[in-house]
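In what follows, a structure is listed as structure tokens, so that the remarks can point back to it.
The numbers here are math on the coordinates, done by the rules we state, and not lab data. Quantities reported herein were computed from a predicted structural model and do not represent experimental measurements. Cβ: placed from backbone, ideal geometry, glycine included. Neighbour counts: every protein chain shown.
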Amino acid sequence: MSLSDVAYQRFKERLFDHMIDLGTVMTQGQLSEMLDVPVTPLRDAIRTLHAEGLVEILPRNGIRIVRPGMEIIRHTYQLRRLIEKEAVSHFCSVGSQDEIDRFTRTHDEIEARVRAGLRQPELGDAIEAMEREFHDTMVGSLGNPYIDAVYAQAGDRIKVIRIDRRYVITPPLVQNTIAEHRAIILALEKHDVAAAVKAMEDHMSSALQRAMGL
């Protein structure tokens, strides 16, 4: 791994661990010291982070950590909706029964744990793993590395949005998410493409509303 890759990974780790405040302006020297990498490879990492929408480059003033406004939230979820609808449509035709059964088992297990009193931080870890398995499996079924890359970048922006909006995962939120997922799973079981796409559209609309605090 190159030093620029190290800088890139360390920046995201610290950002997602709430160690870098959104909206903060930093010089390259300050960021270099924080990440413990030289300035030269850091510049390459900054250009990549800028292209992904995580930082803004300020001429002669360093960088600003992007704080997502409503426009960024809407654009990010619009992109995610487009990818997810294509993915669920494709998966409805190519997904195996074993994969669909695994989705059902995972959701049953999480729901049972929530009813048994699962709380943070285990609750957050469990729902994140469930969503990653569910959505990544369908997007991955497209077999398109360009979509995978764009989808991963959108996922990073969603993490930042949740940090900024102080997104709290609660048992009722988990139950709502599971119910939305189950509607998708039911359509997958029936190989009903139209119903699967509609259920995913509804899920993405609800996810956007949650992200916007509505």
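Any chance you could give the angle, 0 to 90 degrees and rounded to 10, that helix 97-115 forms with the longest Cα principal axis of the chain?
Approximately 80 degrees, to the nearest ten.
Plugging the Kirkwood radius over Cα pairs into Stokes-Einstein for region 3-65, at a temperature of 20 °C and a viscosity of 1.002 mPa s, what D comes out in µm²/s? Show your work: numbers first, answer last.
Numbers: Rh = 11.3 Å.
The Stokes-Einstein estimate is 190 µm²/s.
Sorting check: for 61-70, 77-86, which peptide has the highest mean count of neighbouring beta carbons within 10 Å, and how do the rest follow?
Details: 61-70: 15.9, 77-86: 17.8.
By packing density, highest mean first, the sequence is 77-86, 61-70.
For region 92-214, calculate the relative contact order in percent as a whole number, restricting contacts to Cα pairs under 8 Å that are 6 or more residues apart. Don't jump to the answer; show the numbers that get you there.
Working: 66 pairs, mean separation 44.4, N = 123.
36 percent.
Note the angle between two axes, namely the Cα long axis of helix 122-140 and the longest principal axis of the Cα atoms of the chain, as a number of degrees from 0 to 90, rounded to the nearest 10.
80
Per the helix-only calculation at 222 nm, which mean residue ellipticity applies to the chain, given -39500 (n - 2.57) for every DSSP H run of n ≥ 4 and division by its residues, nearest 500 deg cm²/dmol? Intermediate results must be reported in sequence, preceding the final value.
Working: 9 runs with 156 residues, N = 214.
Calculated mean residue ellipticity at 222 nm is -24500 deg cm²/dmol.
Between Asn144 and Ser2, how many nm apart are label points set 7 Å from Cα along the C-beta direction?
According to this spin-label approximation, the distance is 2.7 nm.
For region 1-72, what's the relative contact order in percent, using C-alpha pairs closer than 8 Å and at least 6 residues apart? Could you put the intermediate results ahead of the total?
Numbers: 74 pairs, mean separation 26.6, N = 72.
Taking the mean separation of contacting Cα pairs over the length of region 1-72, I get 37 percent.
Can you give me the angle between helix 171-189 and the longest principal axis of the chain, using Cα atoms only, in degrees from 0 to 90, rounded to the nearest 10?
It works out to around 60 degrees.
So for region 1-153, considering every pair of alpha-carbon atoms, how many percent are separated by more than 18 Å?
Values: 7908 of 11628 pairs.
The proportion of pairs with Cα distances above 18 Å equals 68 percent.
For Cα pairs less than 8 Å apart in space and 6+ apart in sequence, what is the mean separation divided by the residue count of region 1-142, i.e. the relative contact order in percent? Could you put the intermediate results ahead of the total?
On the way: 102 pairs, mean separation 30.9, N = 142.
Reported as a whole number, the value is 22 percent.
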